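First the structure, in the form of structure tokens, and then the observations on it.
The values are calculated or read from the model by the stated rules, or taken from the named source; none is laboratory data. None of these values were measured; they are calculated from a predicted model. Reconstructed Cβ throughout: ideal geometry from the backbone, glycine too, with neighbour counts over all protein chains shown. Heavy atoms of the whole protein, side chains included, go into the accessibility calculation; ligands, DNA and RNA do not. Shrake-Rupley method; radii C 1.70, N 1.55, O 1.52, S 1.80 Å.
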Amino acid sequence: TMTIHSEEHIVDVHVRSGVYSSDTIFDYTHGYIATKLFSRNACFIMKIKKDIIPDLQEIGRLAFERETMRDVYSPNNVWAQFQPGSSRLGHFKDWILYGKHIENLCTGLPLYE
């Protein structure tokens, strides 16, 4: 499911698919995306690159089209691959950078950037 909060510039995406379940937040105000993978019990954070990631209005349009057309294919799919590396727990300065919504999603979990 996808929820778009236009006034807060936030998009919440919830995927319920067994071992592949996840929650993702697109925070356009702070410019970051965070994905919480339940199977890994970890949070993955990446900077929004405007040339790759659709803006808030475009993501809403794509979601509406996909819902009305029931079409799974889109040329605008974006895949991100995170390299294994060291993780850390978030600190106060991280949450200022990433914002309150990502803090609520990722507090207490290892963070991977």
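For this structure, a couple of remarks:
- When restricted to residues that are part of a loop (DSSP other than H, G, I, E, B) and in contact with a helix residue (DSSP H, G or I) (Cβ under 7 Å, 6 or more places away or on another chain), the range 1-35 contains 4.
- Residue list for the range 9-41, filter: open to solvent by 80 Å² or more (accessible area, probe 1.4 Å) and in contact (Cβ under 8 Å) with a residue 24 or more places away in the chain: His9, Thr29, Asn41
- Inside the range 39-77, residues that are at pLDDT below 85, of a type in the set (A, V, I, L, M, F, W, C) and in contact with a strand residue (DSSP E or B) (Cβ under 8 Å, 6 or more places away or on another chain) make up a count of 4.
- Checking Ser39 against (1) within 18 Å of Asn104 (Cβ to Cβ); (2) not in a strand (DSSP E or B), the condition it does not meet: (1)
- Answer from Ile59, Ile45 - the residue that is closer than 18 Å to Thr107 by Cα and either in a loop (DSSP other than H, G, I, E, B) or out of contact with any His (no Cβ under 8 Å at 6 or more places or on another chain) (or both): Ile45
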